[in-house]
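**Student:** Following this message is one structure expressed as structure tokens.
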Amino acid sequence: MSKDLNRASNSTSSAQMQDRRKVMLIEDNPEDRSVYKRYLQRDSEYRYRFIEVELGEEAFTIVGEERPDLILLDYLLPDMDGLEWLNLWQQQSKETLPPVIVITGQGDENIAVQFLKLGATDYLTKSKLTPEKLILEVNRAIDQHQLRSQHEETLLKLQLATEASELGMWFWDLTKDNLEFTLQCKKLFGLDREAEINYQIFLNTLHPEDRARTDVAIRQALQNQTDYSIEYRVIISDGSVHWIAAKGKGFYNSEGEPVRMMGTVQDISQRKRAEAELVKTNNILQSIISDTTDVIVVKDLEGRYVNANQAAANWLGITVGEMLGKDDTQLFPPEIARSIMEMDRQVITEQKFVSYEEEIPLKQTTRMLLTSKYPWRDATGSVLGVIGISRDITALKESERKLKANEQLLRLALSSAKAGSWDWNIATQEVIWSSENYELYGLDPKQGSLIYQDWEKFIHLEDRKTIDREIKAVLAGESEEFRSEFRIIHPQKGVRWLLGIGNVTRNEEGKPIRLSGINLDITERKLIEENLRNSERHLRRVLDSLFSFVGVLTPDGILIEVNRTALNAANLQLDDVINKHFTETYWWSYDPQIQAQLNNAISRAARGENVHYDVKVRLGAEKYILIDFSLIPLFDVEGQVEYLIPSGIDITDREASKQALKESEDELRLITEVI
């Protein structure tokens with residue numbers, strides 16, 4: 001059968017299209033398809049477009065082309081059954097399957113379990129299907145699918161934000177002493193990606209001088225129920241020391257006892273090094289897993305239960321027979337019973353469908369239910385009572401709470417890193433920014449969405465060609481990710497430096513359809529780098545202008561810097577001496593005794609002593625000069641010797657004058673004695 005005959009659509013206005021949902025009917029019975037369409041068209045909130053398919057094999061292709069919001073799948077099809085269809089989909093397709101509701105002529109609990117295991121959202125029986133129930137289940141399945149998609153998108157953005165800003169995240173279950181690090185967090189602490197961690201292992205990674213104060217800070221934050229913020233050092237496996245900025249927040253039970261803690265860590269070693277140099281030279285929604293069975297009850301006009309399924313009885317801890325004939329006052333606490341009965345009376349009086357959330361006690365706990373109720377009518381339309389369907393959404397509500405927490409953590413990560421997220425729809429050219437991104441560019445979020453050309457105007461003119469070339473490269477697949485440093489013109493702050501990082505989303509043909517990522521303000525880093533470069537250039541000019549010989553050694557005697565005066569005097573190039581031990585350089589290597597004397601001086605200076613003596617150095621073949629030599633230790637902020645500064649002044653002429661004077665005095669004395 002052609003696809004054109006299998007698809008039906010309703011023409012609607014553009015405004016109505018916003019509330020349209022696309023439903024695929026995989027059903028070989030035209031009458032059943034007609035019933036499903038008629039039922040769903042009674043939905044006052046949404047309009048539907050129906051895609052009708054009779055064969056399972058044909059449905060595989062059409063699902064990929066049409067991308068329906070939901071599939072109604074008949075259990076028995078001419079070419080296969082529903083279980084085979086779902087199983088083949090999982091084996092053959094890498095795409096995410098939309099929510100699937102299986103409809104069958106006869107209920108079978110074992111088959112229902114198999115469908116749920118294969119990914120079906122629900123399992124309905126045709127004989128018990130009503131318009132209200134079908135509308136409820138379809139909307140619920142689509143809404144939950146969308147919520148999961150939003151959760152996955154939030155987690156992706158959170159991961160991207162933390163990776164881009166090089167933030168690590170940690171989660172600590174205090175009740176089990178279970179400490180979890182993200183991969184970035186493990187990287188910052190120098191731990192193997194498969195390493196298991198607890199609180200003591202964490203403390204052991206810290207610098208010995210920082211362990212006690214870090215432990216005290218964490219315990220005080222938990223005891224006082226305050227946020228935790230500290231900077232400490234970690235020693236990774238290669239022995240190097242890194243500075244970490246850590247932030248955290250505790251969570252407490254109803255008795256005020258801490259039960260868990262979570263937070264972020266960020267490597268601030270570069271900032272610490274930059275600060276030291278400047279002194280010297282002038283920081284979910286989780287997937288919902290729930291296969292609980294819906295509670296279904298039927299009550300008469302007096303509120304007595306006339307029918308109920310086993311799930312309802314299980315909730316109350318009694319049998320179905322013990323429920324029948326009783327009303328809510330005999331099954332629930334007075335306050336709960338009164339609330340349930342008031343809603344029942346509203347349904348009967350107004351004769352309309354209602355859906356709401358309610359809390360119901362269950363086995364010494366409280367569960368959150370999504371309850372839907374509608375009038376129970378006879379064949380003539382007269383109201384006989386109320387039909388109620390309840391689904392346990394406690395896990396969903398908990399997931400929503402965690403999603404908000406993750407979103408708050410995402411905003412914290414973006415705010416801490418001075419970052420904003422963005423998403424570019426390549427087909428429409430529309431660019432969607434987070435509020436943080438508008439702030440980075442100095443724009444008002446109320447001005448609405450932008451297009452790609454709008455964004456280009458904010459880029460510094462000198463950087464536009466470069467960033468355009470880098471975007472084209474990542475879209476063409478020449479680069480795995482977009483990563484670029486560029487300048488923008490901020491309306492209030494002037495020129496600002498941003499780091500842009502993004503990933504490409506491609507369709508089934510591999511064509512790019514979206515580019516999403518974040519912008520990170522790196523102006524401060526750029527200023528620090530420029531200050532360091534200026535300081536280094538200034539220091540080089542000062543050193544090269546000196547008439548004396550000056551250099552810089554590590555405490556173990558390796559020459560890492562030398563001025564032009566010393567190099568030119570011996571006709572040397574920088575590569576001839578740099579990164580060599582001072583005793584092995586040309587000036588000193590002519591005499592083992594001179595080298596030994598210098599080596600002793602280096603050892604004394606490395607212990608903090610100022611060393612000073614006169615010594616000959618070599619400037620060329622058979623060319624030596626006498627210098628007044630000094631070796632001075634330079635200390636860091638912690639009082640440790642960081643560098644040694646060697647210097648020398650040519651005193652050859654001075655010594656020659658002294659010798660001539662001595663000879664003259666000797667001659668004068670001899671003459672005087674003779675006279």
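**Student:** Just read off the accessible area of Arg213 with the full protein assembly in place, 1.4 Å probe, to the nearest 10 Å².
**Tutor:** Number for this one is 100 Å².
**Student:** Between Lys352 and Asn307, what is the FRET efficiency for a Förster distance of 22 Å, r being their Cβ-Cβ separation, to the nearest 0.05? All intermediate terms of the calculation are to be shown ahead of the outcome.
**Tutor:** Details: r = 21 Å, r/R0 = 0.97.
Using R0 = 22 Å, I get an efficiency of 0.55.
**Student:** Where the Cα atoms of the stretch 35-133 are projected onto their three principal axes, how long is each span, largest first, in whole Å?
**Tutor:** 37, 32, 23
**Student:** Points 7 angstrom from Cα along the Cβ direction at Ser479 and Ile230: gap in nanometres?
**Tutor:** Each label point is offset 7 Å from its Cα along the Cβ direction, giving 4.0 nm.
**Student:** I would also like to ask the following. Figure the gain on full extension for Asp177 and Lys280 (residue separation times 0.36 nm, minus the Cα-Cα span) and round it to one decimal in nm. Intermediate results must be reported in sequence, preceding the final value.
**Tutor:** Working: separation 103, 0.36 × 103 = 37.08 nm, distance 4.31 nm.
Going from the current span to full extension adds 32.8 nm.
**Student:** Based only on Cα atoms, what Rg/Rh ratio does the stretch 309-386 have, Rh being taken as Kirkwood's radius? Write out the running numbers ahead of the final one.
**Tutor:** Working: Rg = 13.4 Å, Rh = 13.7 Å.
For the stretch 309-386, the value is 0.98.
**Student:** Okay, next question. Got a sec? What order do Glu109, Glu638, Glu481 fall in by accessible area at 1.4 Å, biggest, i.e. largest, first? Working shown, then result.
**Tutor:** Values: Glu109 150, Glu638 120, Glu481 70 Å².
Largest to smallest exposure gives the sequence Glu109, Glu638, Glu481.
**Student:** Here is a follow-up. Which entries of Lys126/Lys373; Lys493/Lys526; Lys465/Lys526; Lys249/Lys526; Lys94/Lys511 have Cα-Cα distances beyond 25 Å here? The partial results should precede the final answer.
**Tutor:** On the way: Lys126/Lys373 19 Å; Lys493/Lys526 15 Å; Lys465/Lys526 21 Å; Lys249/Lys526 31 Å; Lys94/Lys511 17 Å.
Violating the 25 Å limit, Cα to Cα: Lys249/Lys526.
The values are calculated or read from the model by the stated rules, or taken from the named source; none is laboratory data. These numbers come from a predicted model, not from an experiment. No Cβ is skipped: glycine too gets one built from the backbone with ideal geometry, and neighbour counts run over all protein chains shown. Surface areas here come from the heavy atoms of the whole protein model, side chains and all, with no ligands, DNA or RNA. Shrake-Rupley method; radii C 1.70, N 1.55, O 1.52, S 1.80 Å.
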